[in-house]
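Single-structure report; data block below.
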Amino acid sequence: KAKQQGRNAYEWFTRAFTDTVSERMVLRNDLQEAIEREEFALHYQPLIDREGNLDGVEALLRWEHPEKGFISPARFIPLAETTGQIIPISEWVLKRACLDMQLLNQQGLGEIRVAVNLSPLQFQRSSFLANLRQTLLMTGLPAEQLSLELTEGILMDNTEGAIDTLHALRSMHVGVSIDDFGTGYSSLSYLKHLPISTVKIDRSFINELNNSEDDAAIVQGIISMAHHLGLKVVAEGVETEEQYQRLMSYQCDIFQGYGLAKPMPLEALETFVMGLSRKE
Ligand code: C2E
Ligand code: MG
Ligand code: MG
Ligand code: MG
């Protein structure tokens, strides 16, 4: 009986394993076609400041698969990172985001700053800065309107090269934010030495803000220490009025979340921005 069970477990394991492997292979081939056919789109999620004005937007990648429908970036980006496909995808994202913001500039919607998520692989490439300059030049977007979101992990590995790159970005006037702050191993005292402007507190802490005294204390601590270091703080994943009010009372600078605005296509962003400016 035990042997029987053992074999079942083994069969189950190999089946589950081959399923994931073949699923990944299919996804990888599909991703290749998606790159060639440009099945990607960018959605933009507003970031709102304490006065209720638009601080900027975050560009979030969307993949509309012809048969499988919408596939989440949380699923295909890690895969694209292991296969290297993230490189052409990232180049497309950066160019699209810059072109879109230039389009809004030309429509007189105000100079909106766009935050683009960076993959570690992209950031570590020796051609990264040259490509970035080239993209800004080609699209005509002023560098001040671009900011990049990096995770703590990117800065922990390959530290020296990373710091040089951050200094180069600062001298170009491209902003840098630390994304998902609090989930990695870096501390605010470490960030003190880095030329960055903003930390984004991870959604997981905001989630439980009104139920967990621990999370509330962590969030409060991050905000007050970040302010001492001259950094701005963004709270991500703000879904409820209670979370928003509490973050306001903690002096959080910028708010992002479904409770304020969901990620939306460019056309919807235009309408959203026009609505905001009419209110003033
Ligand atoms: P992220 O950079 O931390 O982006 C925030 C994620 O939280 C987005 O998920 C956004 O839609 C979601 N979000 C925002 N507000 C709320 C909220 O109130 N509640 C909930 N439940 N979720 C909220 P999304 O678009 O699925 O992206 C997931 C992750 O994929 C991103 O996390 C980022 O790490 C990565 N990603 C997205 N686009 C790109 C890209 O162009 N390049 C790279 N390298 N990574 C990207
Ligand atoms: Mg981000
Ligand atoms: Mg984030
Ligand atoms: Mg996050």
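For the reader, a short list of remarks on this structure follows.
- Couplings 3J(HN,Hα) of region 231-239, computed from phi: 9, 8, 10, 10, 9, 9, x, 6, 10 Hz, in residue order, whole Hz [Karplus 6.51 cos²θ - 1.76 cosθ + 1.60, θ = phi - 60°; x for Gly and Pro].
- Whole-number percent relative contact order across region 143-280, with pairs defined as alpha carbons under 8 Å at least 6 apart: 17 percent
- Per residue accessible area of the chain, 1.4 Å probe, in Å²: 53 Å²
- Centre-to-centre separation between the Cα atoms of region 165-187 and those of region 194-214: 16 Å.
- The angle separating the long axis of helix 73-83 from the principal Cα axis of greatest extent in the chain is about 70 degrees.
- For peptides 55-62, 102-109, 140-147, 66-73, sequence by mean Cβ density within 10 Å, most packed first: 55-62, 140-147, 102-109, 66-73
- Secondary-structure-derived ellipticity at 222 nm for the chain, considering helices only, amounts to -17000 deg cm²/dmol, per-run term -39500 (n - 2.57) for DSSP H runs with n ≥ 4.
- For the options Thr159, Thr183, Thr135, a Gaussian network treatment of the chain with springs between C-alpha atoms closer than 10 Å singles out Thr159 as fluctuating the most.
- For the chain, the share of accessible area belonging to carbon and sulfur comes to 52 percent (1.4 Å probe, ligands and nucleic acids excluded).
- Close amide H partners of Asn117, meaning residues 5 or more places away or on another chain with modelled amide H under 5 Å apart, are Ala59, Glu149.
- Fully extending the segment from Glu160 to Phe70 would add 28.6 nm, taking 0.36 nm per residue of separation and subtracting the current Cα-Cα distance.
- Leading residue at positive end of dipole, region 66-186 (Cβ point charges), from Ile154, Leu137, Gly184: Leu137
- Near the amide H of His65, within less than 5 Å, lie the amide hydrogens of Phe70, Ile71, all on another chain or at least 5 residues away, with H placed in the peptide plane.
- Dividing the mean sequence gap of close Cα pairs (under 8 Å, 6+ apart) by how many residues the chain holds gives a relative contact order of 17 percent.
The values are calculated or read from the model by the stated rules, or taken from the named source; none is laboratory data. Here the structure is a predicted model, which means the values were calculated and not measured. Virtual Cβ from ideal backbone geometry, glycine too; neighbours counted across all protein chains shown. With ligands, DNA and RNA removed, areas are computed over all heavy atoms of the protein, side chains included. Shrake-Rupley method; radii C 1.70, N 1.55, O 1.52, S 1.80 Å.
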